[in-house]
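Peer 1: I'd like to ask some things about the structure below.
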Amino acid sequence: MTDPPVRKAVPGFHWEGVETMPYKDTGAAPFRDITRQVLFRDDALQCEWRYFEISPDGHSTLERHEHAHAVMILRGRGRCLVGDQVHAVAAHDLVSVPPMTWHQFRADAASPLGFLCMVNRERDRPQLPGPADLAALRRTPAVAAFIRTADG
Ligand code: MN
């Protein structure tokens, strides 16, 4: 697609001509209350730049994969798991998710969490944690208290 030189911002963290879609097409991965907007998709740059927004108390899928994520929080407050640490995040914080690192984002109960996420155009499918992975994650109390999975 050929992008226009400027897409004006529309109030509410939308952009002219950018479709707001469900977070994931498959119902297989557990997540709650997220929308996705693809802002840039460029074959030469080999990347996509997306805006995700998690509703208050919602969460992204707990997952890992070979591709990395570069994230900038744009709106609201929440927390994220990266590896074995849980961090509070708010607007303009930067989050780096290295390859094959467990990660999950959650919005605070009283706030949405909106963020830009840059990712490879061609990328591997996310892996979901199995029982052994969950047991390992839950050995860290802060992680055990934070993560949300299909079984709660
Ligand atoms: Mn991911």
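Peer 1: Can you name the number of the only condition in (1) in a strand (DSSP E or B); (2) more than 26 Å from Q127 (Cβ to Cβ) that V18 fails?
Peer 2: (1)
Peer 1: Mind checking which pairs have a first residue in the stretch 130-148 that is closer than 18 Å to F31 by Cβ and hydrophobic (A, V, I, L, M, F, W, C) and a second that is at pLDDT below 95 and open to solvent by 50 Å² or more (accessible area, probe 1.4 Å), Cβ under 9 Å, 6 or more apart or different chains?
Peer 2: L134/D151
Peer 1: Given the condition closer than 17 Å to S55 by Cα, within 16 Å of the ligand (Cβ to nearest atom) and either of a type in the set (S, T, Y) or in contact (Cβ under 8 Å) with a residue 40 or more places away in the chain (or both), answer yes or no: does some residue in the stretch 78-88 qualify?
Peer 2: yes
Peer 1: Taking the stated definitions as given, is T61 among the hydroxyl-bearing types (S, T, Y), in contact (Cβ under 8 Å) with a residue 40 or more places away in the chain and open to solvent by less than 60 Å² (accessible area, probe 1.4 Å)?
Peer 2: yes
Peer 1: Out of (1) open to solvent by less than 50 Å² (accessible area, probe 1.4 Å); (2) touching a residue at least 60 places away in the same chain (Cβ under 8 Å); (3) assigned to a loop (DSSP other than H, G, I, E, B); (4) more than 11 Å from the ligand (Cβ to nearest atom), what's the single condition that is false for A29?
Peer 2: Looking at each condition in turn, A29 falls short on (4).
Peer 1: Of the residues I34, I73, which single one is part of a strand (DSSP E or B), buried (at least 17 other Cβ atoms within 10 Å of the Cβ), in contact (Cβ under 8 Å) with a residue 24 or more places away in the chain and within 14 Å of the ligand (Cβ to nearest atom)? Let's see the steps before the verdict.
Peer 2: Working: I73 fails: within 14 Å of the ligand (Cβ to nearest atom).
Within the list I34, I73, the selection yields I34.
The values are calculated or read from the model by the stated rules, or taken from the named source; none is laboratory data. This structure is a prediction, so every number in the text was calculated from the model and none was measured. In this analysis, Cβ positions are derived from the backbone assuming ideal geometry, glycine residues included, and neighbour counts consider all displayed protein chains. To get the accessible areas, we keep the full protein, side chains included, count just its heavy atoms, and leave off ligands, DNA and RNA. Shrake-Rupley method; radii C 1.70, N 1.55, O 1.52, S 1.80 Å.
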